[in-house]
Amino acid sequence: MDFPTTCPTCGRENRAEYADSSVHDLNCARCGSAYCVLVRKQKFEVLFDLGTRALMDGYAREAVASFAAALERFFEFYVRSYALERASDTAADFGEATAALTGTWRHVASQSERQLGMFALAYLLREGKEPDFLTPAALGADFRNRVIHRGELPARTDVESYAAQVFSLIDRLLTELGDGAKQAELAQEQAFALHIAALPDGVTAVFEEHPGMFRARRFGTLAPMPKPSKTATQPALRSGMNGSGMNSARAYQQAQQQALFQRALEERGKLLKGFKGG
């Protein structure tokens, strides 16, 4: 996935490929000037935007892989946010806390189940309640496994439902994190500062905040979904009755998730079209 950048010297638009570190050392194709673009965007945001772009371009299976990876990396972001938030509460040295966190994460970096366990504990300690959303059904685990591990070719509508499910969960947890997310973002800023300090003289550093689906909540106009009243939900629940006569409250929840995702896509989708292509 690439994105447009503007040369600070001559104004030419250059395209750069996203780097894992969000740090991009570039040379302008027109004037040759060296400049550095630092993208204020977390890994899970980049991955979700990759999935959104793939979905918009008609690559449904590829979108599933990106959405699944985005959720895993968000769980890591949550753990980092919580750990650094706790460290700040105890007035611990930020650099030491970041180094300790990085060293600890190495023990689980290649094991998804252990990462999920760390997230579950972090959520329990921060919120004081069980992460009841970590069920296979709530995470769309069966659908993800069929597509990624068994090579199933999914229908676009199924991918849209999965994307909405992932988006809704991340959006909810980001909302609960609130200012707690700032500590993990500060860690990124610290890494940026270290890179800038090592740049040669004459290299211009440019900070950019690119459009993304989760920016709709933080920097756009997307407001939280209103919680429906009991009387308002009853017709929807009745319409959610399936053929076996079972009352499907989950169908209503999925409709809410889809609505939230579509609202974010309507706001940010047009901006994302500037990515991954000219």
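The values are calculated or read from the model by the stated rules, or taken from the named source; none is laboratory data. The structure displayed is predicted, hence computed values, not measured ones. A quick note on method: Cβ atoms are made from the backbone with ideal geometry, for glycine too, and the neighbour counts reach across all protein chains shown. Side chains are part of the model used for accessible areas, which takes the heavy atoms of the whole protein and leaves out ligands, DNA and RNA. Shrake-Rupley method; radii C 1.70, N 1.55, O 1.52, S 1.80 Å.
Between E176 and R12, take the C-beta separation as r, use R0 = 30 Å, and let me know the FRET efficiency to the nearest 0.05.
Values: r = 43 Å, r/R0 = 1.42.
Computed FRET efficiency for E176 and R12: 0.10.
Given a 1.4 Å probe and every protein chain left where it sits, what share in percent of the accessible area of the chain is carbon and sulfur? Write out the running numbers ahead of the final one.
On the way: 7630 of 14490 Å².
Carbon-and-sulfur percentage of accessible area, whole number: 53.
Of all trypsin sites (Lys or Arg not before Pro) in the stretch 58-140, which ones are in loop regions per DSSP and have a Cβ with at most 11 other Cβ atoms within 10 Å?
Working: sites: R61, R73, R80, R86, R106, R114, R126, K129; in loops: R106, K129.
Sites meeting the loop and neighbour criteria: R106, K129.
Is the shape of the stretch 19-130 rounded, prolate or oblate, going by the alpha carbon gyration tensor and its root eigenvalues a ≥ b ≥ c, with a/c under 1.5 for rounded and a/b larger than b/c for prolate?
Details: a/c = 2.64, a/b = 1.33, b/c = 1.99.
In terms of gyration-tensor shape, oblate.
To the nearest 10 degrees, how steeply does helix 181-197 sit against the main Cα axis of the chain, on a 0 to 90 scale?
Orientation of helix 181-197: about 20 degrees from the principal axis.
What order, most packed first, do the peptides 197-205, 260-268, 47-55 have when packing is the mean number of other Cβ atoms within 10 Å of each residue? Don't skip to the answer; put the middle values down first.
Numbers: 197-205: 10.1, 260-268: 18.3, 47-55: 23.4.
In decreasing order of mean packing, 197-205, 260-268, 47-55 become 47-55, 260-268, 197-205.
If amide H atoms are built 1.01 Å from N in the plane of the peptide, which residues on other chains or at least 5 residues away come under 5 Å of the amide H of A205?
Amide H to amide H, under 5 Å and 5 or more residues apart or across chains, A205 pairs with C36.
Measure nothing fancy, just the Cα-based angle from helix 94-105's long axis to the longest principal axis of the chain, in degrees from 0 to 90, nearest 10.
60 degrees
Between 0 and 90 degrees, rounded to the nearest ten: what's the tilt of helix 112-127 against the longest Cα principal axis of the chain?
For 112-127 against the chain, the angle is about 80 degrees.
Give the peptides 133-140, 184-191 in descending order of average Cβ contacts within 10 Å, highest first.
On the way: 133-140: 14.4, 184-191: 16.5.
The peptides rank, most packed first, as 184-191, 133-140.
Roughly what would the spin-label model give for R86 and T104, points 7 Å off Cα along C-beta, in nm?
0.5 nm
Calculate the radius of gyration of the Cα atoms of the chain to one decimal place, then report Dmax, the largest Cα-Cα distance, as a whole number, both in Å.
Cα-based Rg and Dmax for the chain come out at 20.6, 71 Å.
Under a 1.4 Å probe, what is the accessible area of the stretch 44-181 per residue, stated in Å²?
Values: 6430 Å² over 138 residues.
With the other protein chains kept in place, the stretch 44-181 gives 47 Å² per residue.
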